[in-house]
Amino acid sequence: MSSSRRIRAIAIDQLLPGMYVVKLDIPWIDSPFIKHTRIIKNSSEVAMLQKAGVKMLVVDLEKGVHPESPSKKTPVSNLEADEIRSASSFEQKSTSKPNIDTPVQALEREMHKARLIRSQIQTAVSQLNARLDSNQTVSLEELQPLIDDTVESLERNNQALLNLVHLSRKSQKLVDHSFSVFCLALNVAVTQGLPEEDRSALGLAALLHDSGWLQLPLNLMGKRSHYTPTEQRLVCSHLDIGLKMLGATTLSERVLRLVREHHERCDGSGYPAGLKGRQLHPAAKILAVVDSYDECIHQLTDKPGMLPTNALRLLYKEAEQGKFDPEVVAAFISLLGIYPVTSAVRLDTGEKAVVEQVFADAHLEPIIRVFYDSKNKVLADPFVIDLREGNDPKRKITELIEPGDPKDDFERKLFSVFE
C-alpha cells in the first residue's frame with residue numbers, strides 16, 4: 001500500500017473504535033490523550049475527542065479499521081489487538097471487586113522509601129558539594145547505589161518521588177534542585193528506555209550539573225528581579241566553574257559532556273557552544289528539559305515561579321519553536337500529566353483538591369484528595385477520589401488554583417499531603 005493510500009484524513013464523525021489515529025487538528029497539549037498516535041478503544045474516546053474540539057484527524061489504514069469498511073480490519077499488532085479487546089471489557093472490570101493493592105495504598109507505601117532516598121541523596125550531594133568547594137578529593141562510589149535505589153523506586157511507583165520533587169523549598173536550594181533534576185531525569189530515562197550506561201551517566205550529571213553555583217553568590221539563585229548584564233555573565237559562568245571543579249574528579253567523559261551540554265538548546269540558542277540537534281547527546285536533551293522545568297516551578301532564575309502546568313505549557317511551546325527535543329518534552333508531559341502531582345485544582349462541583357497521582361492513559365482524570373467542600377468550607381476529614389471511576393457525583397477538574405492564595409486556600413490546605 002502506498003503512503004498516500006495508507007494515511008487518510010477523515011472527519012471526526014467518521015471516527016470509529018479500532019481506527020489508528022496519527023494526527024489531530026488541535027494542539028497536542030489540548031488533547032484528552034497524552035499521545036496523538038493511538039488506537040481508539042471505544043466510543044467514549046471518540047466523544048472525548050469531539051468534546052476537545054477535534055473536527056478533522058488523520059488515521060493509518062494499515063494499523064486499524066478502514067473508514068469505508070469498519071467491520072473489515074487490516075492487520076494490527078498483537079498489542080493493538082489486545083488493546084481493542086480489553087476496551088470492550090473495561091466497564092465490566094470497573095464493577096468487579098477492586099484489587100487489595102489500590103493505587104492509593106501503593107503510593108502510601110512507596111512514600112516512606114522515597115523520603116529515605118531523598119534524605120540519602122541530600123546528604124550525599126551536600127557532602128560532595130562541600131568537598132568540591134574546598135578542592136578535596138571526591139569519591140563518587142556512593143552515588144551509584146543511590147541511582148539504583150531511585151530507579152527501583154520509580155519502577156515500583158514513580159508518583160512517590162514526583163510528590164517530593166514538587167514540594168515547596170525553604171532552604172538548600174542547590175541541593176534540592178539537584179535532587180529534583182536527578183529524579184525527573186531518571187524518570188524520563190526509564191520510560192524512554194535509555195541504555196543503562198547513559199542512564200547512570202545522566203544520574204551523576206543531574207546530581208552535579210550545577211556544582212559551579214557553589215562559587216557564585218547564592219542570592220543570584222532565585223533572584224526576584226531581572227539579572228543585570230554583569231549578573232547574567234556570572235550566572236552563565238557557573239558552567240565553566242563547575243566543569244573545572246569536576247575535571248579533578250574521576251567522572252567519565254560522558255558525564256562531563258552531559259554537564260557541559262545541559263544549557264545547550266536544539267536550535268543552537270543555548271550555551272556555551274551553541275550546539276544544535278544531533279550534536280547533543282540524547283541524555284543531555286533530557287537533562288536540559290527537566291532542569292528548565294525545575295527552575296521554572298521553583299523560581300531558581302530571575303523569572304517568576306510558575307505552576308507546574310504552566311511550566312509544561314512553556315516547555316511544549318519552546319519544543320514547537322525548536323529549543324527542546326519534542327519527543328523528550330512529550331515523554332515528560334506524559335509522565336507528569338496535564339495536572340502534575342501536588343497541583344491544586346477546582347472541580348466542577350466547586351470543591352477544591354490536591355492531585356496525588358496521575359495516569360498516562362487518563363491524564364485529565366487523576367487521583368485527588370478533596371480539602372474544601374462545594375461551599376468553600378474546610379473538610380475535617382479530607383477524602384480521596386479516583387476521577388477515572390464513576391463517582392457520584394461524577395466530578396471533573398475545571399481549573400488550576402494557586403495553593404495558599406487567601407481567596408481560594410484561606411486555610412492553606414492545598415499543599416502536598418505527604419509532607
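The values are calculated or read from the model by the stated rules, or taken from the named source; none is laboratory data. Remember, it's a predicted structure, so these values are computed and weren't measured experimentally. Virtual Cβ from ideal backbone geometry, glycine too; neighbours counted across all protein chains shown. With ligands, DNA and RNA removed, areas are computed over all heavy atoms of the protein, side chains included. Shrake-Rupley method; radii C 1.70, N 1.55, O 1.52, S 1.80 Å.
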For this session: Look at residue 332 and say whether it is closer than 18 Å to residue 187 by Cα and modelled with pLDDT of 90 or more.
Result: yes
Exercise. Tally time: how many residues in segment 383-406 are surrounded by fewer than 15 Cβ atoms within 10 Å (Cβ to Cβ) and either under 24 Å from residue 166 (Cα atoms) or touching a His at 6+ places or on another chain (Cβ under 7 Å) (or both)?
Worked result: 7
For this session: From (1) of a type outside the set (S, T, N, Q); (2) touching a residue at least 60 places away in the same chain (Cβ under 8 Å); (3) open to solvent by less than 50 Å² (accessible area, probe 1.4 Å), pick out the condition that doesn't hold for residue 361.
Result: (3)
Seminar exercise, completed: Note: among 113, 93, just one is modelled with pLDDT under 90 and open to solvent by 60 Å² or more (accessible area, probe 1.4 Å), namely 93
Problem set entry | Any strands (runs of 3 or more DSSP E) falling wholly within segment 361-411 and containing at least 1 residues that are at pLDDT 90 or above, over 21 Å from the mean Cα position of the chain (by Cα) and of a type outside the set (A, V, I, L, M) | 367-372, 378-386
For this session: Just need a number here: residues in segment 276-294 that are open to solvent by 40 Å² or more (accessible area, probe 1.4 Å) and either free of Cβ contacts under 8 Å to residues at least 24 places away in the same chain or over 16 Å from residue 192 (Cβ atoms) (or both).
Result: 3
Exercise. So which residues in segment 303-328 are open to solvent by less than 20 Å² (accessible area, probe 1.4 Å) and either polar (S, T, N, Q) or not in a helix (DSSP H, G or I) (or both), if there are any at all?
Worked result: 309, 324
Exercise. Out of (1) closer than 26 Å to residue 314 by Cα; (2) surrounded by 16 or more Cβ atoms within 10 Å (Cβ to Cβ); (3) modelled with pLDDT of 85 or more; (4) not hydroxyl-bearing (Ser, Thr, Tyr), the odd one out for residue 50 is which?
Worked result: (2)
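Quick grid of which residues meet (1) within 23 Å of residue 285 (Cβ to Cβ); (2) free of Cβ contacts under 8 Å to residues at least 40 places away in the same chain; (3) of a type outside the set (Asp, Glu); (4) part of a helix (DSSP H, G or I):
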residue	(1), (2), (3), (4)
202	yes, no, yes, yes
207	yes, no, yes, yes
213	yes, yes, yes, yes
219	no, yes, yes, yes
226	no, no, yes, no
248	no, no, yes, no
255	yes, no, yes, yes
259	yes, no, yes, yes
Problem set entry | Qualifying residue in segment 335-347 (condition: in a helix (DSSP H, G or I) and either more than 28 Å from residue 197 (Cα to Cα) or touching a residue at least 40 places away in the same chain (Cβ under 8 Å) (or both)) | yes
Seminar exercise, completed: Scanning segment 240-279 residue by residue, those more than 20 Å from residue 324 (Cα to Cα) and of a type in the set (S, T, N, Q) turn out to be 249, 250, 252
Problem set entry | Verdict on residue 303 being without any contact (Cβ under 8 Å) to a residue 24 or more places away in the chain and over 12 Å from the mean Cα position of the chain (by Cα) | yes
For this session: Being aliphatic (A, V, I, L, M) and in contact (Cβ under 8 Å) with a residue 40 or more places away in the chain is the filter here, so list the residues in segment 147-176 that pass it.
Result: 147, 151, 160, 161, 162, 164, 165, 167, 174, 175
Exercise. Which one of these is touching an Asp or Glu at 6+ places or on another chain (Cβ under 7 Å) and farther than 24 Å from residue 403 by Cβ: 208, 146, 220?
Worked result: 220
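Residue-by-condition table, conditions (1) outside any helix (DSSP H, G or I); (2) modelled with pLDDT under 50:
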| residue | (1), (2) |
| --- | --- |
| 81 | no, yes |
| 100 | yes, yes |
| 108 | no, no |
| 118 | no, no |
| 162 | no, no |
For this session: For segment 387-418, enumerate the residues that are touching a helix residue (DSSP H, G or I) at 6+ places or on another chain (Cβ under 9 Å) and of a type in the set (A, V, I, L, M).
Result: 400, 417
